[in-house]
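Note sheet for the following structure.
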Amino acid sequence: MSDSTMAPSSKIPKAKSFRWVIFGTMFFLLAVNLMDRITLSIGMPYIKGEFNLSPTMQGLILSSFFWSYALLQVPGGWLLDRFGPRKVITGALVGWGIFQAVIGLATGGLSLILSRIGLGVMEAPVSPSGAKLSSTWLTQSERGRGAVIMDSGSPLGVAIGGIIVAHLILWFDSWRVTFIVVGVFTMLLGFVAWRVLRDRPAEHPSVQPQEVAYIAAGNRISATGIDESVPTKGLGISWLTMIAIMVGRASWGMVYWGLLTWGPSYLAQAQGLQLASIGNSTFLIFIMGTAGCLFSGFFVDYLVKKGVSHNVALKSLLSLSGIVGLLTLYALSTITNPVIAVGLLSVAAFFMMFGSLYWSFPAILAPKDRVGMVGGLMNMANSCAGILVPIMVGVILQATGSYESVLVYFAICAGCYTLGTLCINFNKLPVKSGELSFQK
């Protein structure tokens with residue numbers, strides 16, 4: 001990434017910063033998104049008994065969401081580039097709310113798998129939409145904050161969602177009713193998204209002309225002089241960088257989705273916690289993840305404003321993230337005290353959630369007409385990890401009967417996440433119109 005990006009002109013007043021309302025809305029939608037996903041993990045101790053599910057079958061069910069989710073990441077990115085985030089997000093919310101409610105009507109393992117596949121279809125474009133909005137609503141120096149404000153909704157959704165879902169199951173005395181209630185709530189949010197979101201600042205009635213000018217001034221690139229109105233050929237960035245992004249994101253996803261899908265079972269089986277304690281522990285772990293996510297984005301933007309390159313700022317924080325994740329997860333494999341275990345998981349979550357900075361990469365590296373595609377490819381890699389890790393954990397557990405090997409595996413993935421991040425090149429300019437997307 002070239003650091004020739006101009007700062008917003010000092011002659012243009014910031015006016016009302018309505019753009020942060022957009023990202024606050026995305027923060028809330030991502031929180032609901034992850035709350036919907038964790039309902040099955042929280043309910044699994046009840047569901048597995050009702051349907052007599054083996055660990056391997058539980059892994060398949062937890063993985064099935066990602067089969068369709070991963071497959072449709074690139075098509076979802078294309079839809080965002082073609083139709084814009086507002087239409088796509090609204091449709092996705094209504095659709096995933098329907099499938100969330102349908103899960104409550106499941107009759108066995110197969111119907112759970114089919115319902116989760118449908119949920120994956122509808123949620124596929126949601127995360128890449130944040131990268132797309134970042135490219136049109138934020139200046140270059142704001143995109144670290146934009147990425148983590150949006151993505152911090154994910155761990156917060158898990159944190160709060162874990163408590164909400166656990167207590168709803170206890171309150172209703174039914175995991176089925178809980179799924180239906182959460183699904184209906186999600187469908188209603190589709191109307192909120194349609195009312196609040198717009199694809200571009202100039203299209204929103206609440207955005208003042210001064211803010212539109214401020215955003216435009218903060219996105220001029222003085223060194224290239226390239227007209228971005230000309231369609232980009234190819235992907236828009238080097239394939240070597242794209243592969244490094246995908247490797248780093250997939251390795252991060254192995255840890256994140258592994259803890260998300262199997263974390264409640266680990267706390268119940270390996271540490272002996274009851275349902276209410278699992279919900280409270282999940283809250284603590286992922287609220288720490290939310291704090292780490294927000295800290296990393298604001299700190300990166302602070303460093304960039306102080307003149308540090310994206311290359312140095314991002315790689316430094318993300319490398320620290322992976323190394324601490326590796327050490328804490330490896331140490332956790334020998335811990336039998338539940339208090340210490342939850343404490344170490346909280347530390348791991350704080351640092352591993354620096355990985356939310358990855359959502360700033362598409363807007364930083366790619367031309368605007370390829371942000372959705374690049375974000376889709378990146379999230380496809382993350383989703384492939386989501387497919388594999390629940391199954392792998394189930395197989396490891398069935399083979400060893402212990403979580404020790406699982407945690408060592410997570411530590412190795414944290415190391416691979418660090419190596420992938422170090423191979424990303426932020427110093428090269430995006431590949432523009434007329435250039436080959438596979439060039440170095």
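The values are calculated or read from the model by the stated rules, or taken from the named source; none is laboratory data. All of these numbers come straight from a predicted model, not from anything done at the bench. No Cβ is skipped: glycine too gets one built from the backbone with ideal geometry, and neighbour counts run over all protein chains shown. Areas reflect the complete protein model, heavy atoms only, side chains present, ligands, DNA and RNA absent. Shrake-Rupley method; radii C 1.70, N 1.55, O 1.52, S 1.80 Å.
The C-alpha atoms of the chain define a longest principal axis, and helix 109-123 lies at about 10 degrees to it. Scanning residues 5 or more positions from Arg200 or on other chains, none has an amide H under 5 Å from its amide H, with H placed 1.01 Å from N in the peptide plane. With contributions of -39500 (n - 2.57) from each DSSP H run of at least four residues, the per-residue ellipticity at 222 nm computed over the chain stands at -25000 deg cm²/dmol.
Residue order by solvent-accessible surface for Glu203, Glu211 is Glu203, Glu211, largest first, with ligands and nucleic acids left out and a 1.4 Å probe. For the cross-link pairs Lys48/Lys132; Lys305/Lys368; Lys48/Lys87; Lys87/Lys306, the ones whose C-alpha atoms lie over 27 Å apart are Lys48/Lys132; Lys48/Lys87; Lys87/Lys306. Relative to the longest principal axis of the Cα atoms of the chain, the long axis of helix 73-83 lies at roughly 40 degrees. Over all Cα atoms in segment 316-405, the spread is summed up by Rg and Dmax: 16.6, 51 Å.
Were the residues from Leu110 through Trp20 laid out at 0.36 nm apart, the gain over their Cα-Cα distance would be 28.2 nm. Taking the 0 to 90 degree range and rounding to the nearest ten, how far is the long axis of helix 239-269 tilted relative to the main principal axis of the chain, both from C-alpha atoms? Orientation of helix 239-269: about 30 degrees from the principal axis.
Determine one quarter of the surface area of the Cα convex hull of segment 277-327, which equals its mean projected area, and express it in nm² to one decimal. The partial results should precede the final answer.
Numbers: hull surface 15.6 nm².
It is 3.9 nm².
Remind me, relative contact order of the chain in percent, using alpha carbon pairs under 8 angstrom and six or more residues apart?
RCO, the chain: 31 percent.
What does the highest-first list of 252-262, 69-79 look like by mean Cβ count within 10 Å? The partial results should precede the final answer.
On the way: 252-262: 26.5, 69-79: 22.0.
In descending order of packing, they fall as 252-262, 69-79.
Length available on full extension from Ser174 to Ile412: 0.36 nm per residue minus the Cα-Cα distance, which gives 81.9 nm. The phi torsions of segment 88-93, fed into the Karplus equation with coefficients 6.51, -1.76 and 1.60 and a -60° offset, translate into couplings of 5, 5, 4, x, 5, 4 Hz, rounded to whole numbers, with Gly and Pro shown as x. What the Kirkwood sum gives for segment 289-440 is a hydrodynamic radius of 17.2 Å, with every pair of different alpha carbons counted. Counting only protein heavy atoms and a probe of 1.4 Å, the accessible surface of the chain is 69% carbon and sulfur.
Sorted largest first by accessible area at a 1.4 angstrom probe radius, with every protein chain in place, the residues Met44, Met122 fall in the order Met122, Met44.
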